[in-house]
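Nothing in this text is a laboratory measurement; each read-out follows from the coordinates by a stated rule. All values derive from a computational prediction rather than experimental measurement. Note that we place each Cβ from the backbone using ideal geometry, even for glycine, and neighbour counts take in every protein chain shown.
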Amino acid sequence: MKGRQAKRLLIVIPSLGGGGAERMVVNLCRGLNRQAWQPTLVTFTPENAYADELPSDVRRINLGKASKLDNFKMIWRLARLLKRERPDLILTGLHFATLHTLLARLLSGGSAPLVSTVQNTLSRSLERERFGRLRKVLTRVLFRRIDRLAPVSEGVKRDLVNNFGIRAERCTVISNSVDIERIHKLMAEEPSHPWFDGRIPVVISAGSLTKQKNYALLIRAFADVLAGCQARLVILGEGEEKQQLTSLAGELGVRPHVEFLGFQRNPFKFVHPATVFVLSSDWEGLPLVIIEAMACGTLVVCTRVSGAEDVITNGENGLLVPRGDPQAL
């Protein structure tokens, strides 16, 4: 690439909130070969959980979304941006951003190739959303206009082929990745919580507190464990299920042994000293958190969700259990 001008890459994602897809965008911006690509990051909202980890040469454009009523405004603003920036390639992360970007590209009349990463099992995600069937039909129609789909696992690819009519040859599986050196540096920090003193086993989990992650299953399984031995449960993350989960822990009599520590800029200082990391999700794409936990050297137990078997060989480098079964968990 010596002597050539770097191509312009426009990355579109709803926000830089503290999720796995957002983490992957930051990793990508940090790792891209600048002789080949110069990235510009476009977000709809100003959430900035990972903003300070972006390299200084990555330009950030926020479209200023204030409410759900701004969706059409976002498409219009993004269309104007595409006309002005004229990128060589557009990359989208998360389904919401992909649909907005597709419509914006049509509106702008642009022809830059569009690549979309698919981080989740879409058929499962959409069936839980309002107007899920309509959204699924819309997705089937619009996804035909994407130049290349990049599902994060073979399971996500099968879902696209079987449930959305996408031809297999239009998909390239690109797995989630982690920065091992960065994780090892961060996990060396003190966990700043008295439960991690090594006296009592600690079960830990991390992720948004949503129905998809099924933390209720984890808490019920933990209550059964607590009946037979001493243990503590630490959950990292924020979300709309927090109050219900706190109440469930109280109803089961385990609240004094469960700690919700919220979103942590450095989760690895908690994951590394924990006894076991547990992911109890009902569905996933390729769970980044279990890859990060394994990078910390922490034992992993995970429900059999899409992508888990891409990473875990049951009984060798982790344990896989049936979904929705607290006794098995």
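Report the label-to-label distance for Arg4 and Glu316 in nanometres (one decimal), using points 7 Å from each Cα along the Cα→Cβ vector.
Placing both labels 7 Å beyond Cα along the Cβ direction yields 3.8 nm.
With an 8 Å Cα cut-off and a minimum separation of 6 or more residues, compute the relative contact order for the chain in percent.
14
Output wanted: per-residue J couplings in Hz (rounded whole) for region 306-321, from phi through Karplus 6.51 cos²θ - 1.76 cosθ + 1.60, θ = phi - 60°, x for Gly and Pro.
Karplus-based 3J(HN,Hα) across region 306-321 equals 3, x, 4, 6, 5, 10, 10, 9, 3, x, 9, 10, x, 10, 10, 10 Hz.
Note down the nm distance, to one decimal, between modelled labels 7 Å out along Cα→Cβ at Arg182 and at Lys242.
The answer from the label model is 2.4 nm.
Across region 159-216, how large is the tail of the calculated P(r) beyond 17 Å, expressed as a percent of all Cα pairs?
That fraction is 71 percent.
From the helices alone, meaning DSSP H stretches of at least four residues, give me the mean residue ellipticity at 222 nm for the chain, per-run term -39500 (n - 2.57), in deg cm²/dmol to the nearest 500.
When only DSSP H runs of four or more count, the value is -10000 deg cm²/dmol.
How tilted is helix 242-251 with respect to the longest principal axis of the chain? Cα atoms for both, answer in degrees (0 to 90, nearest 10).
Taking Cα atoms only, the helix is inclined about 20 degrees.
How far is helix 71-85 tilted, in degrees, relative to the longest principal axis of the Cα atoms in the chain, given as a value from 0 to 90 rounded to the nearest 10?
60
Taking amide H atoms as placed 1.01 Å from N in the peptide plane, list the residues 5 or more away in sequence, or in a different chain, whose amide H sits under 5 Å from that of Thr92.
Val12, Val115, Ser116, Thr117
Amide H to amide H, which residues 5 or more places from Gly285 or on other chains are under 5 Å from it, using H placed in the peptide plane?
Amide H neighbours of Gly285, under 5 Å, 5+ apart: Thr121.
Step through the residues of region 157-162 one at a time and calculate ³J(HN,Hα) from phi using the Karplus curve (6.51 cos²θ - 1.76 cosθ + 1.60, θ = phi - 60°), rounding each to whole Hz and writing x for Gly and Pro.
Per residue, the Karplus-derived 3J(HN,Hα) values read 4, 4, 5, 5, 6, 7 Hz.
Can you list residues from other chains, or at least 5 along the same chain, whose modelled amide H is less than 5 Å from the amide H of Val321?
Distant-sequence amide H within range of Val321: Cys302, Thr303, Arg304.
HN-Hα J couplings of region 122-137 from phi, Karplus 6.51/-1.76/1.60, θ = phi - 60°, integer Hz, Gly and Pro as x?
4, 4, 6, 5, 6, 5, 8, 8, 5, 6, x, 5, 5, 5, 5, 4
Take every Cα pair under 8 Å in region 190-309 that's 6+ residues apart, average their separations, divide by the length, and report that relative contact order as a whole percent.
Relative contact order, region 190-309: 30 percent.
Run the Debye formula on the Cα coordinates of region 178-329, all scatterers equal and no solvent, and tell me log10 I(q)/I(0) at q = 0.15, 0.17 1/Å.
Here the Debye-derived log intensity ratios amount to -0.73, -0.96.
Note the full-extension length gain between Phe96 and Asp197 as 0.36 nm times their separation in residues minus their Cα-Cα distance, in nm to one decimal.
32.2 nm
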